[in-house]
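Report on the structure given below.
The values are calculated or read from the model by the stated rules, or taken from the named source; none is laboratory data. Keep in mind that what you see is a predicted model, and the values were worked out from it rather than measured. For neighbour counting, all protein chains shown are included, and Cβ atoms are generated from backbone atoms with ideal geometry for every residue, glycine included. SASA here: full protein model, heavy atoms, side chains in, ligands and nucleic acids out. Shrake-Rupley method; radii C 1.70, N 1.55, O 1.52, S 1.80 Å.
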Amino acid sequence: ILAQAICSQGPSVLPAGQMKPVLLREKRSLSLGGSRWQDLDDRDDPNTRQCTDMLCLMIFIVFCSLMTKVYTDARSMGNINKLTHGIDWQGRVCGVDHDVISRPLLYWCGGDAVSATDGICVDSCPQSSEGQNLCPGQPEVHQMSVDTPKGKMMVMNVTRLLTLRQNRATVNLLSMYCLPRDNGELAVAITSSGQLSSKTTQFIVALRSIYDSRLFLIGMGIVAIVMGFVVLFAIHQFAGCLIYTIVGVLFAILLGLTSYFLLAAFRPSLNVFTPYFPTPEKARELALSAGGTFFLLWALYCIFLCCAKRSIQSTIRAIEEACRVLEDLPTLLLEPVVQMIAKLLVFLFLLDGLGQVASLGKIVSSENPWDHTEAGVSVSGIGRHIALEDWQGGYL
């Protein structure tokens, strides 16, 4: 009505100094009771878009530039695998350090029934007991005294003889560890060790699992988008039928419950309350109360339907009109999906950057094996801590 008044009277009726109204033109007539209007051009818009806070924009640009610099430096000098891959008996991170860069898996060849120690880096997990690997033997400590100008100096040498040992069957865990297949208790102890059970590692493992299942997740996302358009089409075609069906089903449920409880009050065999009361009179009173309650709800519902008949019809027409708008702008359905994907990509980028910066530090293996008190086993090659220099801590 307002648009018709403005267009019929023209801009001359407006006070001096006010902007010219947006010219609206009828596009097509609808059953909603009015007309659909569309702004065909932007000639009457008062102002064009412009930046409203240049200072914050400049600060944001500088911040993003510095973050990009930190990320590129961390990406070139760090390796996020240092945070998750196993550490062999010499303190080298499997798949990261130069000597073992082609061997990303940690295999405990020096383990027994109650321990998993003296891990070595391998290129693939042994699937059976066939084959052998070089494993370190028991350490031997040699001491000797050396005379120096400042006094005597004790020199301690630790030697370990490498020998070929028979492999044992293992299973690959996340392309990082070789868990023993023949000892479930030891495998559970390894996976529940301090490093693997930490929240950070579990989160990294979950991200790796998501990456491994990326094709399935992308496929499900495409199916969800297609189903969204299918549901939109169904609502557009059957909106009135769907709403009237819901109204009718609710009407039938209330009327059916009213009839059932009133009938059950006079037929004890149908009364669901009879087994819970010692006398039929109590069950009958409760059935009459339930029947009266549902009758009251049914009556109120009928009054609501009579009063809201026009509102229901308007709702149906509004839904149909909304569906027509979405038909004119089909990409509008993709807006929440695009927004979610954009936020997820930004979050993963920031998370990857945090891991890359943390991986700049030096990985130091835990000196003592991790002991699982309940199972009575020892595990080495998993625990670690990160030693950061000052500039690395500043980046972090």
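Entry remark, the range 246-300: residues being more than 30 Å from residue 315 (Cβ to Cβ), β-branched (Val, Ile, Thr) and surrounded by 14 or more Cβ atoms within 10 Å (Cβ to Cβ) number 1 in total. Of the residues in the range 187-197, at least one is in contact with a Leu (Cβ under 7 Å, 6 or more places away or on another chain) and modelled with pLDDT under 80.
Among the residues of the range 235-245, those identified as farther than 30 Å from residue 292 by Cα and surrounded by 13 or more Cβ atoms within 10 Å (Cβ to Cβ) are 235, 236, 239, 240.
Conditions tested, residue by residue: (1) at pLDDT below 85; (2) touching a helix residue (DSSP H, G or I) at 6+ places or on another chain (Cβ under 8 Å); (3) under 30 Å from residue 70 (Cα atoms).
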{"site": "297", "(1), (2), (3)": "no, yes, no"}
{"site": "307", "(1), (2), (3)": "no, no, no"}
{"site": "322", "(1), (2), (3)": "yes, no, no"}
{"site": "339", "(1), (2), (3)": "no, no, yes"}
{"site": "364", "(1), (2), (3)": "yes, no, yes"}
{"site": "367", "(1), (2), (3)": "yes, no, no"}
{"site": "377", "(1), (2), (3)": "yes, yes, no"}
{"site": "380", "(1), (2), (3)": "yes, no, no"}
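Scanning the range 68-97 for residues that are assigned to a helix (DSSP H, G or I) and basic (Lys, Arg) returns 69, 75, 82.
Take residue 62 and decide whether it is out of contact with any strand residue (DSSP E or B) (no Cβ under 9 Å at 6 or more places or on another chain) and closer than 29 Å to residue 104 by Cα.
Numbers: out of contact with any strand residue (DSSP E or B) (no Cβ under 9 Å at 6 or more places or on another chain): yes; closer than 29 Å to residue 104 by Cα: no.
Here the answer is no, as residue 62 does not meet what is asked.
Among the residues of the range 122-139, at least one is under 26 Å from residue 360 (Cα atoms), within 41 Å of the chain's Cα centre (by Cα) and part of a loop (DSSP other than H, G, I, E, B).
Of the residues that sit in the range 44-69 and are in contact with a Leu (Cβ under 9 Å, 6 or more places away or on another chain) and surrounded by 12 or more Cβ atoms within 10 Å (Cβ to Cβ), which one is modelled with the lowest pLDDT? Break it down into steps so the answer makes sense when it comes.
Here is the first cut: in the range 44-69, the residues in contact with a Leu (Cβ under 9 Å, 6 or more places away or on another chain) are 44, 51, 67.
Subset that is surrounded by 12 or more Cβ atoms within 10 Å (Cβ to Cβ): 44, 67.
Values: 44: 55, 67: 89.
Going through the qualifying residues, I end up with 44.
Scanning the range 252-282 for residues that are among the charged types (D, E, K, R) and assigned to a helix (DSSP H, G or I) gives 281, 282.
Taken over the range 81-91, the residue count meeting the criterion of being open to solvent by 50 Å² or more (accessible area, probe 1.4 Å) and touching a residue at least 12 places away in the same chain (Cβ under 8 Å) is 1.
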